Amino acid sequence: MHIHFIQHVPFECPGSIISWAAKNNYSISFTKIFEMAEFPSIASLDILVIMGGPMGVYEEDKYAWLKKEKLFIKEAIKENKKVLGICLGSQLVAEALGAKVFPHTIKEIGWWPVQKINDHLLTMDLRATFTSFHWHGDTFDLPPGATQLFRTQACEQQGFIYNNRVAGLQFHMEIEENLLEGMIENEKEELVKAKYVQTEEEIIQLGAEYMGLQKKYMQQFLEAFVTL
């Protein structure tokens, strides 16, 4: 099994997905957009994982590589590859499936409860409500034909599955200490206290409580995803 990652910025790496891949002896490769937006042949990969980033799906005029990446994602879906998008990645996947992506009325940043919507094979090992990490200001409509998996109080669309091969997660179960530190360091200007935005101190303090479970959640989801 070969996993190809699209990483948009240096500080939003795949986190615990890397250790899951190593545990299963899966090979990995990267397209690092911040170095060069070169994509492999679709035939060379089994799973495509698209990571997060501070840019918006709709900012093609600002980020010229977005058009090329969107075409690559659509081609991977067309060729029936397993595709998983996280945060910005989930928004890119949602758009590729025909959904609208747009700025939310509020930002959601910090450790917030996630509610399961459906008892799907992807979510059966997860609690009905569990806390995970969030950092986003955009949202999307549920893609046509997709099944919604998660919601939060702040944001209705938090995850979906399409055709048992294409999934999106708006939140960050892949989070690890170094990933959290990088996001805070590079995006801390967004940490303006609001109803669903925690302070840096709150994020770090709550991370000590919730971080340990995230790897388990992510790996349970991934194990289910590859066997669908």
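The values are calculated or read from the model by the stated rules, or taken from the named source; none is laboratory data. Owing to the predicted nature of the structure, the values given are computational and were not obtained by experimental measurement. As a convention, Cβ positions derive from the backbone with ideal geometry for all residues, glycine included, and neighbour counts pool all protein chains shown.
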Please tell me if Val93 is under 30 Å from Val197 (Cβ atoms), buried (at least 22 other Cβ atoms within 10 Å of the Cβ) and out of contact with any Lys or Arg (no Cβ under 7 Å at 6 or more places or on another chain). yes
Restricting attention to region 166-194, and to residues there that are small (Gly, Ala, Ser) and out of contact with any Ser or Thr (no Cβ under 9 Å at 6 or more places or on another chain), which single residue is nearest to Trp112 (Cα to Cα)? Ala194
Could you please give the count of residues in region 185-213 that are closer than 20 Å to Ile18 by Cβ and among the aliphatic types (A, V, I, L, M)? 2
Got at least one residue in region 6-17 being in contact with a Phe, Trp or Tyr (Cβ under 7 Å, 6 or more places away or on another chain), surrounded by 17 or more Cβ atoms within 10 Å (Cβ to Cβ) and not in a loop (DSSP other than H, G, I, E, B)? yes
Which number in (1) closer than 23 Å to Leu179 by Cβ; (2) in contact with a Leu (Cβ under 9 Å, 6 or more places away or on another chain); (3) of a type outside the set (Lys, Arg) marks the one condition that Val9 misses? (2)
Among strands (runs of 3 or more DSSP E) lying entirely in region 143-228, which contain 3 or more residues that are at pLDDT 95 or above and among the aliphatic types (A, V, I, L, M)? 166-169
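To keep it simple, each residue is scored yes or no on (1) in contact with an Asp or Glu (Cβ under 8 Å, 6 or more places away or on another chain); (2) buried (at least 16 other Cβ atoms within 10 Å of the Cβ); (3) among the acidic types (Asp, Glu); (4) without any contact (Cβ under 8 Å) to a residue 60 or more places away in the chain.
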residue	(1), (2), (3), (4)
Ala64	no, no, no, yes
Glu69	no, yes, yes, no
Val83	no, yes, no, no
Gly98	no, no, no, yes
Val101	yes, yes, no, yes
Glu108	no, yes, yes, no
Ala128	no, no, no, yes
